[in-house]
There are 2 protein chains.
Amino acid sequence: MSRRRSWWGWGWEDAAVTGDELERLAGMLAAFLGDAGTPRAAPDPARLGLPVPRVRPPDALAAIADASDEGRAAHSHGQSFTDVVAALEGDLDAPCDLVLRPRDEAEVAATLDWCSSARVAAIPFGGGTSVVGGVTPRVGDGYAGSVSLDLGGLDRVLEVDTRSRAARVQAGVLGPALERAVRPHGLTLRHQPQSYEFASVGGWLATRSAGHHSTFATHVDDRVEGMRALTPQGPLETRRLPASGAGPSPDRLLLGSEGTLAVITEAWLRLVPRPLHTARASVRFGDFTAGAAAARELGQSYLLPAICRLVDATEAFVNRVGDGSTSLLLLGFESADHPVDADLARALEICAQHGGIADPPEHRGGDGAAGGWRSAFIRLPYVRDAVARLGHIVETFETAITWDRFEGLWGAVMERTGAAVAGICGAGVVTCRLTHVYPDGCAPYFTVIARSRPGAQRAQWAEVKAAASEAILEGGGTITHHHAVGRDHRPWYDRQRPALAAEALAAAKRALDPAWILNPGVLLDAPGQSSPV
Amino acid sequence: MSRRRSWWGWGWEDAAVTGDELERLAGMLAAFLGDAGTPRAAPDPARLGLPVPRVRPPDALAAIADASDEGRAAHSHGQSFTDVVAALEGDLDAPCDLVLRPRDEAEVAATLDWCSSARVAAIPFGGGTSVVGGVTPRVGDGYAGSVSLDLGGLDRVLEVDTRSRAARVQAGVLGPALERAVRPHGLTLRHQPQSYEFASVGGWLATRSAGHHSTFATHVDDRVEGMRALTPQGPLETRRLPASGAGPSPDRLLLGSEGTLAVITEAWLRLVPRPLHTARASVRFGDFTAGAAAARELGQSYLLPAICRLVDATEAFVNRVGDGSTSLLLLGFESADHPVDADLARALEICAQHGGIADPPEHRGGDGAAGGWRSAFIRLPYVRDAVARLGHIVETFETAITWDRFEGLWGAVMERTGAAVAGICGAGVVTCRLTHVYPDGCAPYFTVIARSRPGAQRAQWAEVKAAASEAILEGGGTITHHHAVGRDHRPWYDRQRPALAAEALAAAKRALDPAWILNPGVLLDAPGQSSPV
């Protein structure tokens, strides 16, 4: 029997946090927030009272259309905390009218043709793991209806080129399926965002996803040799190349376009050999900024650690990899070609110069703090769902900033978000980790756990998030290093983005999508509409 | 006394190839081509009979306008072989009417305003080192005139951020001036294209320049934190960031736009520390394809050599770093943080597995083959000018290709270019080197030396180049890895570029440059004109 996906929350239904795990979580929330909360059940999607679909598919698309309540409900939100709470509350304010599940490019093209002629908004949907409202069909009232265009049927790895180490992959392929296809060749995409298990290649490309690894080709952008996409005006296929200097990169126009310019259907992606040599360590710092100074020097060393992740003391404690008194730097090196022990030794030397004390090497029972961290990391979205069910708040946000402004931004975000949590929620914690380290800056990633109550969660979080986003923008950061823009980040993206870049993007969109049916509200508003966010 | 720049050819007038050096060169040409040629003198620019300027600057721009014959002649061509021969022959078919030399952004903006209102084409001009017709004012007859917009006055390094290791640099800064400004901080841009001494930062950005180093951030694209540019619609400034996932990158729209969308005025560029540890070697391979296999494995090793340049036997011989029987792989590692001897040792192990034999380490007198190669490389543009004066042909072209198709493309380009040289010129050689090595492919760079005669050089080269470009396109390569598109590569670029990407780019241009005055003919034709190439 195949496992069932949760219609309202993360991943597999049978993997939800229940029983003892739920009790432990409630206990922890009680300790942190002064209130354990009471778990709610998710509503039956058939009883959400979804409005009757406003549009019917043409006969040619009837075979791939799904107008069921469960299909529509599952495709009418992403996986942000806000999305999950809205679903739990049965409040899908803008459900799609229809889910279309094309099995090939011709059916994608037919969908775009119909949507263009019938003025139906089309929302490309890969794994549905957007945490920024990127797949929510909140398209405003300028459309006859909206369809969720589920690319899950484009699920094949079409070619593997072992000489160049690359694969041609359809957009609907999910992380694990891609890895299963290339593993027999000793290869891996080495791209593991937290959403890895349920996110699609097309979604990664459309959102400029960044993976688990901390340095060197952090974003999927750098793995792209070439792409193929369908626009309402026809196909756009770029030449497969290791590098090129021929004009502005057409791939870079599609990367980050979030389904607004085209439906990405396939890509040639660079693969790497699976590592044969690894070296790991964990290092404790009394002070987060001392750890950040070490991370900066590591980034500037060009040792290129696969993992260089600095977790603050509170976050280490919450994730059971620290006692709450020290920040934790997770370090990992890997290579398929040569030993990396000397790299780790040099990295530990750098850490020691900044006061870092390495944990004693683990010889048994997994790989210590790094393994503990990794397990917690993968489990986190399920825990998030449980916190949502218990009536509290847990969510993350992230940015990137150059080193000269890092401490200022970090301090301001921690302070202002903390103040918002205290003022709005009454109790909670804000934690930070550096997920990616560059020679010229880093990507700080923040987690908020805060007290709330059913009915208040979304509004309270929205206020906290706005305070955090203001601090990020004012501190010089980007509104997103890798979560994308979607509908949720629009107000801050619009301020970050140069006005003329927005005009150029809108002009490009008009050329490719003249009926303006692709994901309206994401990145750009439909003409005549201001953002319905 | 300041040195004089050549108005017709490369670099400094006093560095031209003369005397004994010219005689040696003529002797070599005689040996290779059966004809030494006879050196011509360059014409006096005042006697070119340039047409009277069709436009006059408005009073507000009079102070920065130059309508002199020498100024116009020097700004009416780039530095391709064809450009140099045309200048030598006094045949500037499309001279600019005026050179404008803004001293600040306000004067750039005033220039764009005037050009937009008076329908005058504006050709951004940095160092003028384009080898693809990128600065040639061949704008068609849809304009009242053309001006060369010389950015040389924007020549300041505005800020150096030693913490993030980055600098804010004006577009007109040339390579050596940038290095002089950042060297006291122990930093370098580490970007050294052959044009380095005379090329500008703005030109590098506009053309997606690649530097001397063979792996890791090969293109200047990856050094850009943020940019500032002036469009005819106003300024476009991106946020300075180490990385971002907020929508399609606006920097990547400007990178490679070759002066068609905006005039880049400044950028925040990532710097690196000057290397303290180096390790170099040169390795001989009996067979170019064996060397390429080693280069591939080196690229896929992620050892990231700073230099990994495979020079074929003929090219090694011509450059006096080989006896003509073996290909030469130049290898170099460097780091500011840690010793790199183990990296070199592993690289030599890989080379040995492919039959490579390392030269004995040099202990005296420079650094052997690598040093010899480097000296020849820097001197080459002057030698090129001398060959042009002698009435023969020397020119280069380049591409990039994935490894699976490398041998096919290399073989076809060598054969078809060689056949064209033999058929059209009667005698000559075609050589190849791999300049950049990627995990998934490489950048082959070809040099042609061929017999010709005054009056026939340009037409003969155009035929050879067309044959080579056809072979590149058909072999799956890019028409340029880093020389850019300009006017010369347009026919092949137009075939390589997806049609809808061209439409999106044209739409973006209309949004930013509604009067279509910026560098018409480069990348895109002016509306209603087909390419005047």
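Below, the figures for the structure above:
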{"read-out": "Of the criteria (1) more than 7 Å from every other protein chain (Cβ to nearest Cβ); (2) modelled with pLDDT of 95 or more, which one A:Ala217 fails", "value": "(2)"}
{"read-out": "Residue check, B:Asp494 more than 8 Å from chain A (Cβ to nearest Cβ) and either under 23 Å from the mean Cα position of the chain (by Cα) or surrounded by fewer than 21 Cβ atoms within 10 Å (Cβ to Cβ) (or both)", "value": "yes"}
{"read-out": "Residues being in contact with a Leu (Cβ under 8 Å, 6 or more places away or on another chain) and assigned to a strand (DSSP E or B) - total across segment B:100-120", "value": "1"}
{"read-out": "Test for B:Leu261: is it part of a loop (DSSP other than H, G, I, E, B), at negative phi and surrounded by 22 or more Cβ atoms within 10 Å (Cβ to Cβ)", "value": "yes"}
{"read-out": "Count of segment A:191-208 residues which are part of a loop (DSSP other than H, G, I, E, B), open to solvent by 10 Å² or more (accessible area, probe 1.4 Å) and touching a Gly at 6+ places or on another chain (Cβ under 8 Å)", "value": "6"}
{"read-out": "Tally of residues being modelled with pLDDT of 95 or more and more than 14 Å from chain A (Cβ to nearest Cβ) across segment B:169-196", "value": "15"}
{"read-out": "Breaking point among (1) in contact (Cβ under 8 Å) with a residue 60 or more places away in the chain; (2) under 21 Å from the mean Cα position of the chain (by Cα); (3) more than 14 Å from chain B (Cβ to nearest Cβ), for A:Leu434", "value": "(3)"}
{"read-out": "Neighbours by Cβ (under 6 Å, 6+ apart or cross-chain): first from segment A:225-237, within 14 Å of A:Leu253 (Cβ to Cβ); second open to solvent by 50 Å² or more (accessible area, probe 1.4 Å) and not in a strand (DSSP E or B)", "value": "A:Gly226/A:Arg239"}
{"read-out": "Filtered residues of segment B:399-430 (kept if more than 14 Å from chain A (Cβ to nearest Cβ), of a type outside the set (A, V, I, L, M, F, W, C) and under 30 Å from A:Trp268 (Cβ atoms))", "value": "B:Gly411, B:Glu415, B:Arg416, B:Thr417"}
{"read-out": "Residues of segment B:485-517 classified as touching a Gly at 6+ places or on another chain (Cβ under 6 Å) and either closer than 16 Å to A:Pro250 by Cα or not in a loop (DSSP other than H, G, I, E, B) (or both), total", "value": "1"}
{"read-out": "Sole exception among (1) in contact (Cβ under 8 Å) with a residue 60 or more places away in the chain; (2) within 14 Å of chain A (Cβ to nearest Cβ); (3) over 18 Å from the mean Cα position of the chain (by Cα) for B:Cys442, by number", "value": "(3)"}
{"read-out": "Test: residue in segment B:1-12 that is without any contact (Cβ under 8 Å) to a residue 12 or more places away in the chain, outside any loop (DSSP other than H, G, I, E, B), within 25 Å of B:Ile378 (Cα to Cα) and open to solvent by less than 70 Å² (accessible area, probe 1.4 Å)", "value": "yes"}
{"read-out": "Members of segment B:451-508 found to be closer than 30 Å to A:Ala499 by Cβ and among the hydrophobic types (A, V, I, L, M, F, W, C), listed by number", "value": "B:Ala484, B:Val485, B:Ala499, B:Leu500, B:Ala501, B:Ala502, B:Ala504, B:Leu505, B:Ala506, B:Ala507, B:Ala508"}
{"read-out": "Set A:Gly128, A:Gly71: member being assigned to a helix (DSSP H, G or I), modelled with pLDDT of 95 or more and small (Gly, Ala, Ser)", "value": "A:Gly71"}
{"read-out": "Count of segment A:354-413 residues which are surrounded by 18 or more Cβ atoms within 10 Å (Cβ to Cβ) and on the phi > 0 side of the Ramachandran plot", "value": "2"}
{"read-out": "Segment A:273-319, subset within 14 Å of chain B (Cβ to nearest Cβ) and either free of Cβ contacts under 8 Å to residues at least 24 places away in the same chain or assigned to a loop (DSSP other than H, G, I, E, B) (or both), residue surrounded by the fewest Cβ atoms within 10 Å (Cβ to Cβ)", "value": "A:Leu276"}
{"read-out": "Flag if A:Thr417 is buried (at least 24 other Cβ atoms within 10 Å of the Cβ), in a helix (DSSP H, G or I) and of a type outside the set (A, V, I, L, M)", "value": "yes"}
{"read-out": "So B:Ala109, is it of a type outside the set (Phe, Trp, Tyr), without any contact (Cβ under 8 Å) to a residue 60 or more places away in the chain and over 30 Å from B:Thr447 (Cβ atoms)", "value": "no"}
{"read-out": "Test: A:Glu237 is open to solvent by 30 Å² or more (accessible area, probe 1.4 Å), within 9 Å of chain B (Cβ to nearest Cβ), of a type outside the set (Val, Ile, Thr) and in contact with a His (Cβ under 8 Å, 6 or more places away or on another chain)", "value": "no"}
{"read-out": "Leading residue by the ranking (least open to solvent (accessible area, probe 1.4 Å)) among those in segment B:327-345 that are within 10 Å of chain A (Cβ to nearest Cβ), of a type in the set (D, E, K, R) and not in a loop (DSSP other than H, G, I, E, B)", "value": "B:Asp343"}
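A quick yes/no check of all residues on (1) out of contact with any strand residue (DSSP E or B) (no Cβ under 9 Å at 6 or more places or on another chain); (2) in contact (Cβ under 8 Å) with a residue 60 or more places away in the chain:
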site: B:Ala450; (1), (2): no, yes
site: B:Ala467; (1), (2): yes, no
site: B:Gly477; (1), (2): no, yes
site: B:His481; (1), (2): no, yes
site: B:Val485; (1), (2): yes, yes
site: B:Asp488; (1), (2): yes, yes
site: B:Pro491; (1), (2): yes, no
site: B:Lys509; (1), (2): no, yes
site: B:Asp513; (1), (2): no, yes
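The values are calculated or read from the model by the stated rules, or taken from the named source; none is laboratory data. If you're wondering where the values come from, they're calculated on a predicted model, not measured in any experiment. With ideal geometry, Cβ positions are generated from the backbone for all residues, glycine too; neighbour counts draw on all protein chains shown. Heavy atoms of the whole protein, side chains included, go into the accessibility calculation; ligands, DNA and RNA do not. Shrake-Rupley method; radii C 1.70, N 1.55, O 1.52, S 1.80 Å.
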